[in-house]
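Here the structure is laid out as structure tokens; the discussion comes afterwards.
The values are calculated or read from the model by the stated rules, or taken from the named source; none is laboratory data. Note that the structure is a prediction, hence the values are computed from the model and not measured. For neighbour counting, all protein chains shown are included, and Cβ atoms are generated from backbone atoms with ideal geometry for every residue, glycine included.
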Amino acid sequence: MMRKFRMGLLSLVVAAFASTAMAKTIKISTTVPETSNWLVAANKFKEIVEAKTAHKVEIYPNGVLASGNDRVELEMAQAGAIDIIMKTTIWLSQLNQDFLVTAMPWIFPNAEVAMKVMDGPTGVQLSNSLNKVGLQALAWGDGGFFQLYSKTGPIKTPDAINGVKIRVPGNPIFVKTWNKVGAVPTPISFAEIFSSLQSGAIDGGVATTPLIYAKRFYEVAPYTSIINFSFESVGMIANKSMLDQLSDTDQSIIKQAAVEGMVAQRATALEENGTYLSKMTAAGSKIYVPNASELNQFKTIAKPVYDEFKNKVGADLVSRVESEVQALSK
């Protein structure tokens, strides 16, 4: 009896030791600040993983692990020096142009439909495509729509932006679309936008509402048109080797924690979007929502660019997303 007791005790000790040995510290890195709603997802992930597994989670905002450099952060994740990063689909398009499908001009009518597409077969396909570069997307959140801000007055139709110098991301979809609409896309680094608006080097630009608010662009460019031009989703993306080394149970918990984290992030993003617009209005900013007829003028002029990038991104992929959007919008 004593022998069986000792053997049983030994088994428990060995099991406990093995569990401790397999426990690891999971490092999450992102270049956004602590105030970003992306951290809502990271903190929820940490809460769930630490409650249900032996692993610990450390969160590093502001790009502190990668000197604020997105490219370095990505390379560190691929090498396994960082376990999880958070990146937008527009940024990920540098790895795989399929991710540009989310950036197609006005392909999504609203964030709810966009996120349903990312939760479905298209999102799974995009997630799995990262396996080729040593990564695995765990879940997707709401990175927001790009809106139009301006110094020159409310932008209601394409005529109002003709010849206006605006700052857009360097992505060719953005540059070609706004050039076609009649604006003058002007290359300005992100850090220089505010001072460039002040000096008159640019008259406006396109950015998500949280960025327009956080960077105070509305203070010098007080007119914002809610055009929902292009959408970006933010992914919680893991080093694939790290994930594969975990037990099936822990992998399942980690994936579910990422999903629940991003669900919380989406809710926060939706709430914040309305809050930011209200605060901007209270500060004197003028918010304009084009009607369907006005918005269609932009879409009609931009259609040749849309068609061009539909072929570049992949006609089959874009057509499938268009079909999904149509079905979800009914």
Here are some residues: LEU138, LEU130. Which one is assigned to a helix (DSSP H, G or I) and under 30 Å from ASP83 (Cα atoms)?
LEU130
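Residue-by-condition table, conditions (1) touching a residue at least 24 places away in the same chain (Cβ under 8 Å); (2) in contact with a Gly (Cβ under 8 Å, 6 or more places away or on another chain); (3) within 20 Å of VAL313 (Cα to Cα):
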residue: ALA103; (1), (2), (3): yes, no, yes
residue: VAL124; (1), (2), (3): no, no, yes
residue: SER150; (1), (2), (3): yes, yes, no
residue: PRO158; (1), (2), (3): yes, yes, no
residue: THR177; (1), (2), (3): yes, no, yes
residue: LYS180; (1), (2), (3): yes, no, yes
Answer residue from segment 206-227, given it is β-branched (Val, Ile, Thr) and more than 16 Å from the chain's Cα centre (by Cα) and is nearest to ILE155 (Cα to Cα) among those
THR224
Any chance segment 199-221 includes a residue that's assigned to a helix (DSSP H, G or I) and of a type in the set (Asp, Glu)?
yes
Only residues that are part of a helix (DSSP H, G or I) and surrounded by fewer than 15 Cβ atoms within 10 Å (Cβ to Cβ): list them for segment 180-198, please.
PHE190, ALA191, GLU192, SER195, GLN198
Tally, over segment 279-293, of residues that are out of contact with any strand residue (DSSP E or B) (no Cβ under 9 Å at 6 or more places or on another chain) and either in contact (Cβ under 8 Å) with a residue 60 or more places away in the chain or farther than 21 Å from ALA114 by Cβ (or both)
6
Return the residue satisfying two criteria in turn: it lies in segment 55-78 and is part of a helix (DSSP H, G or I) and without any contact (Cβ under 8 Å) to a residue 12 or more places away in the chain, and of such residues it is nearest to the chain's Cα centre (by Cα).
ARG71
Taking the condition of being modelled with pLDDT under 95 and β-branched (Val, Ile, Thr), how many residues in segment 12-29 meet it?
3
Pairing a residue in segment 201-222 that is without any contact (Cβ under 8 Å) to a residue 40 or more places away in the chain with any residue that is in a loop (DSSP other than H, G, I, E, B), where Cβ atoms lie under 6 Å and the two sit 6 or more apart in sequence or on different chains, gives ILE202/THR186; ILE202/ILE188
List the residue pairs whose Cβ atoms are under 6 Å apart, where the first residue sits in segment 24-53 and is in a loop (DSSP other than H, G, I, E, B) and among the hydrophobic types (A, V, I, L, M, F, W, C), the second is crowded, with 23+ Cβ neighbours inside 10 Å and at pLDDT 95 or above, and the two are 6 or more positions apart or on different chains.
VAL32/TRP38
